[in-house]
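Step one of this worksheet: look at the structure below.
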Amino acid sequence: MKTACVFLSSREPKIELDEDIKNFASFISKNNLKLMYGGGKCGLMGKLSKSVFDNGGKTIGITLPMFDDMGVTPDYLDQLTTEENFYLRKKSMIDKSDFFVIFPGGVGTADEFFDIFNHLCLGLENKNIYVFNKDDCWTDLLKWIDKNVELNMLKNKPDGLFVSETINDLQNRIEKNEF
């Protein structure tokens, strides 16, 4: 059973994602994938993990003591690990996943994306990254990466980076590359 690590917002962005979340949760469950994520019950993180759970899928959360103290860790996860800091949390998610999906998110999601993107560029990882660029959420960041290639600050965009504008395209790309 492969593990999909999904990085996404712990907040409610001003983007309509409810149907995409439900669709992707169903996709994870139907394809016998495990969801690994940051272990929260708020925002998109909570919606996705709860929807995967409700669809009979496996959910793995990796959280921090501060989030437990805040009471934002759900009680429905199949597995929960607590790491002592953000670095170890991210490292654990990277090490234990087979591929990565980047949903809309903020600074934390961008940080997680860049860490795995850097590893992919350096050849330290060969796991695919799937970016869900709903409503151009990541367009400027992706243009910045293209600019880095143009300016020779980045040799090229790695083959393992896939960008999708729709949830159906995202799922099709994952099916093509991971199954």
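Summary of computed values
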read-out	value
Residues whose placed amide H lies under 5 Å from that of residue 36, excluding near-sequence neighbours	4, 5, 6, 60
Within the accessible area of the range 54-179 (1.4 Å probe), percent carbon and sulfur	48
D_trans [Stokes-Einstein, Kirkwood Rh over alpha-carbon pairs] for the range 5-89, 20 °C, 1.002 mPa s, µm² s⁻¹	168
Accessible area per residue in Å² at 1.4 Å probe, computed on the range 1-130	46
√(5λ) per eigenvalue of the Cα gyration tensor, the range 109-167, largest first, Å	18, 15, 10
Extension gain (nm, one decimal) between residue 107 and residue 31, 0.36 nm per residue minus Cα-Cα	24.4 nm
Inter-probe distance in nm under a simple model that places probes 7 Å from Cα toward Cβ, at residue 176 and residue 151	3.1
Label-point separation, residue 91 to residue 11 (7 Å along Cα→Cβ), nm	2.9
Helical mean residue ellipticity (222 nm; -39500 (n - 2.57) per DSSP H run of 4+; nearest 500) of the chain	-14000 deg cm²/dmol
Reported label for calculated Cα extents along the principal axes in Å given (i) 75, 33, 19; (ii) 47, 34, 33; (iii) 56, 42, 30	(ii)
Hz values of 3J(HN,Hα) by residue in the range 123-135 - Karplus curve (6.51, -1.76, 1.60), Gly and Pro given as x	x, 7, 10, 10, 8, 6, 10, 10, 9, 8, 8, 4, 6
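The values are calculated or read from the model by the stated rules, or taken from the named source; none is laboratory data. The model shown is predicted, which means the values in this text are computed figures rather than measured ones. Cβ coordinates were reconstructed from backbone atoms using ideal geometry, including for glycine residues, and neighbour counts include every protein chain displayed. For accessibility, only protein heavy atoms count, side chains too; no ligands or nucleic acids. Shrake-Rupley method; radii C 1.70, N 1.55, O 1.52, S 1.80 Å.
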